Amino acid sequence: MTTTTFTTPTAQGAGPGLGGEPTYGQLREILAKFERATGSINVFADRRDDREAIWQLVLPWVPLAEKRLSEAEGSPADEARWQGIIADVQRPAAGAGHVPHVGTLLQAAWRLVGALLAAARTGPSVHEIAERIREAVATGTYLPGSLLGIGRVAVDTGCPVACLDRVRLATRDLEAEGLLTSSPADRIRVAGRGEAADRPALIAGWLRVLIQAGVYPPESQLPTRSDLSRALISPVPYVTGALRLLHEEKVIVHRRGVRPAVRAALPFNVVPPPDLRSLLPRLWKIALPDVDLSYAGIRETCHRSHTWWRSRLATVYPPRVFPRSVPSCWPAGGGPSRCGPRRWTRTRCPWCRRPAATRR
């Protein structure tokens, strides 16, 4: 196979970069030459000559990657990333029984060249970004429990938008310290003050107390994970971890796709659920004189309280815009014959069931 050779750090120097290192523009040219040199490689053939050609192209850049590894000191996530990149492109020892596939080796070589290109961009390092985030949390710029976008964190820390991987690595370091939590959608949440590292265990303790108090009696279903997340003001992954702990303790039955339910036989004593008749004497003592303590009055009060809390725990969505339409039962020259005027959001009149004609 014929390959295209290009300048390496050990051949003809590294160019006018700082400290003899290639600049970002030179690395872009090298990346283009590397693409042309490996464009004719058939990864499905898995030939030895192709493997040797890839090693000949990429191994001269390993010393520069090792230097980037030493510069990543202070960031465990960045160090682990560079160690994995370097290990994937190394030539195996003589007599080794396993050699990498050409496709796997070519992908690892692309990762190495791409990582070197990203590291050549200007901007703070991963360790510096992590330090700036710590300072923002300590000074109250990022309030406990607040949700942050990765773009906002990049702007606040002075990191270019093209180097968001540095922010992700810094977030991974801070997540290991318990200072932040992140999601696959790059949503970052600041941990609360004094928030315990074993948050799922704390949520499991709360649910255990509710089960013991009879709020959730045996063989009853618990609320959904989203409802528990809003009620306990905790992220859904923490609630999932708490349900998993209770399942291991044989307190609930938790399976994927099924609402969790309390087991019939529990490892602790359970208080029977409160009865309305047993609560009435207590209500008579503390209720105001004009409060209706009948069954219908108590039910109406509970319904109002439930609606009040649900309206504040539910997510508020922006109002939808519906076209103005008028039922066809309205006369052409005046007002409605049977149905009162209103802003219709349905395709049929709710009274006469005739199709509604959109008002022009």
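Evaluating kT/(6 pi eta Rh) at 25 °C and 0.890 mPa s, with the Kirkwood radius of the range 118-220 over Cα pairs in the Stokes-Einstein relation, gives 160 µm² s⁻¹.
Here the relative contact order of the range 200-309, from alpha carbon pairs under 8 Å that lie six or more residues apart, stands at 29 percent.
The value of relative contact order for the range 201-259, using C-alpha pairs under 8 Å at least six residues apart, is 39 percent. Below 8 Å between Cα atoms, with a sequence gap of 6+, how large is the relative contact order for the range 52-134 in percent? It rounds to 36 percent for the range 52-134. For the range 230-247 versus the range 129-207, the spacing of their alpha-carbon centroids is 19 Å. Taking other Cβ atoms within 10 Å as a rough exposure proxy, C159, C302 sort from fewest to most as C302, C159.
Here, each number is a calculation from the coordinates, and none is a lab measurement. As the structure is a prediction and not an experimental result, all values here were calculated from the model. Heads up, the Cβs are rebuilt from the backbone with ideal geometry, glycines too, and the neighbour counts pull from every protein chain shown.
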